[in-house]
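The values are calculated or read from the model by the stated rules, or taken from the named source; none is laboratory data. Owing to the predicted nature of the structure, the values given are computational and were not obtained by experimental measurement. In this analysis, Cβ positions are derived from the backbone assuming ideal geometry, glycine residues included, and neighbour counts consider all displayed protein chains.
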C-alpha cells in the first residue's frame with residue numbers, strides 16, 4: 001500500500017468498519033470513519049486520509065474530549081504575548097531602557113505512553129520535542145525541568161524504568177547544553193503500568209523576534225521547507241497510540257510508534273536555528289516567515305497546521321522529502337514522527353538564504369546521513385490541503401477540516417465524595433522514629449541522586465540549581481545579545497503535583513498542585529507570572545475518569561484565576577490506564593516567576609546560628625494524603641486547605657522583605673510537613689534548631705500536617721519588623737524557635753540527631769534505587 005488506495009465504508013457494517021480501522025491502524029472509531037466519508041470528504045477516503053484524520057482527530061492532537069473544559073482557563077494577561085495557542089506560550093518578563101520587551105517562551109509536554117514502553121527513547125524524544133517547540137518560536141533555549149511519576153519503588157521494573165527515563169532525559173538535555181533547573185518525582189501504586197514523563201522548557205526572546213507557528217498575511221506561494229533528519233518510519237502512529245489505553249499484549253507492538261532520538265543533531269539544529277533567527281532579525285525578515293516543530297503527525301500535521309493557522313491551504317509533494325530509505329511507503333513519509341525536524345514557511349526570495357544556512361553554513365549532511373533543508377511544497381490561497389506522490393493524490397481535503405478534528409461531549413459520572421478511612425493513630429507516637437521515617441521516604445528524601453545526572457550549570461545562567469531553593473532560579477537575559485540593564489533579571493521555575501491528594505478529591509488535588517507551585521515560587525522571593533499544565537488522566541470513555549478530568553480542569557482554572565496567574569502552555573494526556581486500571585488524576589503543574597534582580601532570590605538553607613524562626617500561616621489538623629498517613633497505611637480525607645487570599649498577601653510580603661534583605665532563608669511547607677521543612681533548611685550548613693512547645697494541637701499533627709505555609713529564618717534583630725509586616729496584611733506570622741550550632745533538632749522531649757537525619761534524608765531514595 002502506498003496510501004492512495006480508497007475504501008468504501010458505506011457498504012460495510014459497523015463491525016467490519018471497526019475491524020478495517022484496526023487492521024489499517026488508523027486510530028479512527030467507526031463513527032469517525034463514517035463521518036470522514038459521508039460529511040467531510042463526501043467520497044471514499046484514501047488510506048493516507050484515514051491515517052491523517054486519525055492522527056489529527058486523536059485526543060493527543062485535537063483534544064476532542066477535553067476542548068470544552070480547556071475553555072475554563074484564563075490564557076490572557078497584561079504581559080501575555082502568546083497564550084496557549086501556538087507551539088509554545090510567551091510571557092513578557094521585562095523591558096529595557098528604551099521600552100522594548102523581553103520575554104520567556106514556555107513549552108510543557110508529556111510523553112507518557114512512549115516512556116512506558118521504550119523509556120530511554122520516550123523520555124529523550126519528549127525533551128527533544130519540547131526544546132524544538134521553544135526554539136521554533138525564535139527563542140534561545142535556556143532551561144528544562146522534568147516532572148516524572150512511577151509505580152511503587154519496591155518493584156524492580158519501576159526502578160529500571162526510572163533509571164532509563166532519567167538517562168533519556170539527561171541523554172538529550174545534557175548534549176544539547178540546556179541546564180535542568182527543576183523537577184519532581186513521585187512513586188505511587190496508581191502509576192504501575194503508566195509512567196508519567198512531563199517536561200517544561202524555557203527560552204529567552206526579544207519581543208520583536210517572535211516567530212509564529214502559522215503563516216502571515218499575503219503568504220500565497222510561500223515555500224514549505226523541511227529541515228533536519230531524513231524522514232524514516234520511526235514514530236509512525238505515535239499520536240494515535242498515545243490516545244488509547246495501554247495493555248500488556250500491545251506494548252511490544254507499539255514500540256515502533258516511539259521516535260528515535262539524535263541529541264547531537266538536535267543540538268546542532270538548535271544552534272543553527274538560533275543563528276538563523278538572529279540573521280533574519282538583522283535583515284528585518286522575522287515577520288515574513290513562520291516555523292513549526294515537527295511533532296505528532298510529522299509532515300502532515302506540521303504542513304496543514306502552519307497553513308490553516310493563517311487561513312490558507314497548501315500543496316505537499318512527498319517525492320521531494322529527504323528519506324533515510326527510498327522504500328518507505330508514502331503515507332508513512334507523510335505521517336511519520338521522525339525527530340529533529342523543523343518546518344519553515346518562507347517567501348521564495350528568502351528560501352535560498354535558509355537552504356544555504358542549513359545545508360552549507362551548518363552542513364547538516366555532515367552531522368547526520370542525508371540530513372538537509374529541502375523545499376517540499378508551498379502555501380496556496382485555496383483552502384484545501386493536498387498531498388501528492390509520483391503524480392498520485394494521497395490527500396485532498398479542506399485544511400480546516402483536517403485541523404478541526406472531532407469533538408466529544410463525554411458523559412460524566414455522578415459526583416460522589418470518595419471516602420477513605422481516617423487512621424486510628426497510636427495513643428503515643430514516637431515522634432523521632434516517625435520524623436526519620438518520613439525523611440527517608442522515597443517521596444520526600446533528597447533527589448540529589450537524580451539531579452546529579454543532569455547538567456545544572458551549563459550556559460552560566462543558573463543562580464540556584466535544584467535543591468538549593470524551592471524553585472530553580474536563572475538569569476535568562478544574562479548574555480551579550482541582551483541589554484545590560486536586564487541581564488540580572490531573574491526567572492524561577494517549579495513543578496508540582498501530589499497523586500495522594502488527587503486520589504481523595506480531583507478538584508482539591510488540582511487546587512493544591514497550583515497552590516504548591518505558587519508557594520514554591522514566592523518562597524524564592526519571586527512574583528508568579530505564568531502557569532502551564534500537563535493534564536494526565538485516565539480513559540475519557542470512563543465517566544468517572546471524565547468527571548475527574550472535568551473537576552481537575554475546574555480546580556486548576558479557578559485557582560489560577562484567583563491568583564491572577566495566566567495559563568499559557570500545556571497539553572492533555574488521556575488514556576493513562578493499563579489493563580483497565582487508571583492513574584490517579586494527575587494535573588502536572590509548572591509555574592514561572594519573576595525576580596527584578598536574581599541576587600534577591602531566597603534560598604532555603606539556614607544561614608547562621610541564633611536566628612529566629614517564623615511560621616507564616618497557621619497549622620491545621622490536615623493529614624489527608626500526607627506522607628505521615630501513608631506510613632501509617634492510610635489515606636484519610638482531611639486534605640490540606642489554604643486561604644488563597646492570605647497566601648497571595650503572604651507572597652507579596654515575602655517578595656517585599658526579600659528585596660529589603662530581611663529574610664535569610666525561606667522554605668514552603670508541603671510534603672512531610674513542618675518537620676521536613678525545617679530539616680531541609682538545616683542540612684546544607686549543618687545548623688540545628690530548637691522549636692518552641694506547641695500547645696494548640698497534637699504534636700504529630702503539628703509536625704507532619706501538610707497545610708501550606710512558610711518557614712522563615714530572620715535575624716533576631718529584625719524579628720519584630722518582619723512580624724509587623726505580615727500583621728499589617730492580616731497574615732499569621734508567629735515565632736516558633738531558633739537556629740542553633742548544636743547538631744540536634746529539638747522539640748519538647750524529642751531530640752533528632754542532625755547527622756542521623758541527614759543520612760536518612762540523603763540516602764533514603766538512593767539506597768532504594770541502587
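Having 1 or more residues that are farther than 21 Å from residue 525 by Cβ and either in contact with a helix residue (DSSP H, G or I) (Cβ under 9 Å, 6 or more places away or on another chain) or modelled with pLDDT under 95 (or both) is the bar; report the helices (runs of 4 or more DSSP H) wholly within the stretch 640-722 that clear it. First the steps, then the outcome.
Numbers: elements: 644-659, 673-683, 699-704.
Once the helices (runs of 4 or more DSSP H) in the stretch 640-722 are filtered for at least 1 residues that are farther than 21 Å from residue 525 by Cβ and either in contact with a helix residue (DSSP H, G or I) (Cβ under 9 Å, 6 or more places away or on another chain) or modelled with pLDDT under 95 (or both), what remains is 673-683, 699-704.
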Which residues, counting only those in the stretch 743-769, are assigned to a loop (DSSP other than H, G, I, E, B) and touching a helix residue (DSSP H, G or I) at 6+ places or on another chain (Cβ under 8 Å)? 743, 748, 765
Quick one: residue 696 ticks every box in (1) out of contact with any strand residue (DSSP E or B) (no Cβ under 8 Å at 6 or more places or on another chain); (2) under 20 Å from residue 637 (Cα atoms); (3) surrounded by fewer than 22 Cβ atoms within 10 Å (Cβ to Cβ) bar one, so which box is it? (2)
What's the total number of residues in the stretch 540-553 that are under 20 Å from the mean Cα position of the chain (by Cα) and either surrounded by fewer than 24 Cβ atoms within 10 Å (Cβ to Cβ) or assigned to a loop (DSSP other than H, G, I, E, B) (or both)? 2
Go over the candidates 595, 535 one by one and state the one that is closer than 22 Å to residue 464 by Cβ and touching a strand residue (DSSP E or B) at 6+ places or on another chain (Cβ under 7 Å). 595
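Condition check ((1) within 29 Å of residue 110 (Cβ to Cβ); (2) touching a helix residue (DSSP H, G or I) at 6+ places or on another chain (Cβ under 9 Å); (3) part of a strand (DSSP E or B)) across all residues:
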residue: 587; (1), (2), (3): yes, yes, yes
residue: 591; (1), (2), (3): yes, yes, yes
residue: 608; (1), (2), (3): no, no, no
residue: 620; (1), (2), (3): no, yes, no
residue: 623; (1), (2), (3): no, yes, no
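To keep it simple, each residue is scored yes or no on (1) under 28 Å from residue 55 (Cα atoms); (2) crowded, with 18+ Cβ neighbours inside 10 Å; (3) without any contact (Cβ under 8 Å) to a residue 60 or more places away in the chain.
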site: 365; (1), (2), (3): no, no, yes
site: 375; (1), (2), (3): yes, no, no
site: 378; (1), (2), (3): yes, yes, no
site: 387; (1), (2), (3): yes, yes, no
site: 394; (1), (2), (3): yes, yes, no
site: 407; (1), (2), (3): yes, no, no
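Inspect the stretch 330-344 for any residue being over 25 Å from residue 365 (Cβ atoms), modelled with pLDDT under 95, outside any strand (DSSP E or B) and more than 23 Å from the chain's Cα centre (by Cα) and give the result as yes or no. Talk me through it step by step, then tell me what you get.
Restricting attention to the stretch 330-344, the residues satisfying the condition of being over 25 Å from residue 365 (Cβ atoms) are 331.
In the following step, the residues that additionally are modelled with pLDDT under 95 were identified as 331.
Going one step further and asking which of them are outside any strand (DSSP E or B), we end up with 331.
Narrowing the set further to residues that are more than 23 Å from the chain's Cα centre (by Cα) leaves 331.
Taking every residue of the stretch 330-344 in turn, at least one turns out to be over 25 Å from residue 365 (Cβ atoms), modelled with pLDDT under 95, outside any strand (DSSP E or B) and more than 23 Å from the chain's Cα centre (by Cα).
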The condition of being farther than 19 Å from residue 442 by Cβ and at pLDDT below 95 holds, among 118, 200, 142, only for 118
Please tell me if residue 686 is out of contact with any strand residue (DSSP E or B) (no Cβ under 7 Å at 6 or more places or on another chain) and more than 25 Å from residue 625 (Cβ to Cβ). yes
Only helices (runs of 4 or more DSSP H) wholly contained in the stretch 1-110 count here; list those with 3 or more residues that are farther than 30 Å from residue 204 by Cβ and in contact (Cβ under 8 Å) with a residue 12 or more places away in the chain. 14-24, 30-35, 47-56, 67-70
Those residues that are more than 16 Å from residue 185 (Cβ to Cβ) and at pLDDT 95 or above, I need them from the stretch 749-762; list them, please. 750, 751, 752, 753, 754, 755, 756, 757, 758, 759, 760
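Quick one: which of 115, 62 is farther than 30 Å from residue 449 by Cβ and either surrounded by 20 or more Cβ atoms within 10 Å (Cβ to Cβ) or within 17 Å of the chain's Cα centre (by Cα) (or both)? Quick ask: steps written out before the conclusion?
Numbers: 115 fails: farther than 30 Å from residue 449 by Cβ.
Only one candidate passes the filter, namely 62.
Quick one: which of 235, 221, 310 is at pLDDT below 95 and not in a strand (DSSP E or B)? Spell out how you get there, then give the answer.
Working: 221 fails: at pLDDT below 95; 310 fails: at pLDDT below 95.
Among 235, 221, 310, only 235 is at pLDDT below 95 and not in a strand (DSSP E or B).
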Over the stretch 74-101, the set of residues farther than 19 Å from residue 593 by Cβ and in contact with a helix residue (DSSP H, G or I) (Cβ under 6 Å, 6 or more places away or on another chain) is 87, 96, 97
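Taking the condition farther than 27 Å from residue 263 by Cβ and surrounded by 24 or more Cβ atoms within 10 Å (Cβ to Cβ), does residue 314 pass?
Values: farther than 27 Å from residue 263 by Cβ: yes; surrounded by 24 or more Cβ atoms within 10 Å (Cβ to Cβ): yes.
Judged against the criteria, residue 314 is a match.
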Is it the case that the stretch 130-152 has a residue that's over 25 Å from residue 455 (Cα atoms), surrounded by fewer than 20 Cβ atoms within 10 Å (Cβ to Cβ), touching a helix residue (DSSP H, G or I) at 6+ places or on another chain (Cβ under 7 Å) and in contact (Cβ under 8 Å) with a residue 40 or more places away in the chain? yes
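Residues being over 16 Å from residue 678 (Cα atoms) and in contact (Cβ under 8 Å) with a residue 40 or more places away in the chain: count how many of those fall in the stretch 734-769. Break it down stepwise before answering.
We begin by selecting, within the stretch 734-769, every residue over 16 Å from residue 678 (Cα atoms); these are 749, 763-769.
Restricting the remaining residues to those that are in contact (Cβ under 8 Å) with a residue 40 or more places away in the chain gives 763-766, 768-769.
So the count comes out to 6.
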For the stretch 10-22, state whether one or more residues are over 16 Å from residue 329 (Cα atoms), surrounded by fewer than 17 Cβ atoms within 10 Å (Cβ to Cβ) and within 35 Å of the chain's Cα centre (by Cα). yes
If you check 572, 556, 565, which single one turns out to be in a strand (DSSP E or B), touching a residue at least 40 places away in the same chain (Cβ under 8 Å) and either surrounded by 20 or more Cβ atoms within 10 Å (Cβ to Cβ) or over 20 Å from the mean Cα position of the chain (by Cα) (or both)? 572
